[in-house]
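Working notes, beginning with the structure itself.
The values are calculated or read from the model by the stated rules, or taken from the named source; none is laboratory data. Small disclaimer: the values here were computed from a predicted structure and weren't measured. Because the Cβ atoms are built from the backbone with ideal geometry, glycine has one as well, and the counts that use them run over all protein chains shown.
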Amino acid sequence: MVAMSQDVITRLAEVKNRINRALEGAGRDRTEAELIAVSKTFVAEEILPAILAGQRKFGENRVQESAAKWPELKRRFPDIELHLIGPLQSNKAMDAVQLFDVIQSIDRTKIAAEIAKASRISGRSVRCLVQINIGLEPQKAGVEPALADEFIQDCIHNQKLNIIGVMCIPPLGENPLAYFEALKEIAKRNKLKEISMGMSSDFEMALAHGATLVRVGSAIFGTREKN
Ligand SMILES: *Cc1c(COP(=O)(O)O)cnc(C)c1O
């Protein structure tokens, strides 16, 4: 356990260095992008070293798994910001709004409406990103790129959601560059600040192409058995 937590601290520092170098290389300021440490499948005691090392933004892909481990950590460290980066079912909207500070996976009108309703009822103003199915993959969640502008504007003006950006997961095993550029264009057209793209294998390229949020899991916490 001691050795493991040291590994997390070392790898977290390495990832942060690589982020800073990538930003510098792209002529961007260090404040222009932030690390979301993706802690899915890892338990509280594996996450704690990263928190103690100063990491405050975390990503999870399952509402139920997060409800089991994050409330206690958030009580101990109230400035933690928790991002939902996985698919959301409408019957979990209230749980999601109460636990998460940012929901990155808004991808259909029913979910947008449920999140808006849960926010109103609970009085919690959750920030949201619209997930774009940037590679048009049938098995992946997200709004079709061609419908993105219309969906984003509907979320903002009709659903009254606080949409701060867009998110994508490019097709596995392809060069993500064109997908990163396409996501950046959608953000720009809709005047959205946050561009969530880049994972362990490609976050430096994402940062070179405008990412403001990178979601890095295995490069920090180690390889996962599932997910
Ligand atoms: C798991 C996950 C990540 C992190 O993936 P790594 O390759 O472990 O860095 C990022 N984004 C989403 C949506 C994920 O589900």
Apart from one, (1) of a type in the set (S, T, N, Q); (2) at pLDDT 95 or above; (3) within 10 Å of the ligand (Cβ to nearest atom) all hold for T212; the odd one out is (3)
Checked pairs for region 198-227, first under 17 Å from L129 (Cβ atoms), second within 12 Å of the ligand (Cβ to nearest atom) and among the aromatic types (F, W, Y), C-beta under 6 Å and 6 or more apart or across chains, list as V214/F203; V216/F203
When region 189-215 is checked residue by residue, the ones that are outside any helix (DSSP H, G or I), of a type outside the set (S, T, Y) and buried (at least 24 other Cβ atoms within 10 Å of the Cβ) are I195, M197, G198, A211, L213, V214, R215
Please indicate, with yes or no, whether at least one residue in region 135-155 is surrounded by fewer than 17 Cβ atoms within 10 Å (Cβ to Cβ), on the phi > 0 side of the Ramachandran plot and either in contact with a Cys (Cβ under 7 Å, 6 or more places away or on another chain) or outside any helix (DSSP H, G or I) (or both). yes
Next on the checklist: Here is a check on your reading of the model: is I36 of a type in the set (V, I, T), outside any helix (DSSP H, G or I) and either at pLDDT 95 or above or in contact with a helix residue (DSSP H, G or I) (Cβ under 8 Å, 6 or more places away or on another chain) (or both)?
Outcome noted: yes
Pairing a residue in region 94-120 that is more than 22 Å from I80 (Cα to Cα) with any residue that is within 16 Å of the ligand (Cβ to nearest atom) and not small (G, A, S), where Cβ atoms lie under 7 Å and the two sit 6 or more apart in sequence or on different chains, gives D107/V130; D107/Q131; D107/V143; I111/L88; A112/I106
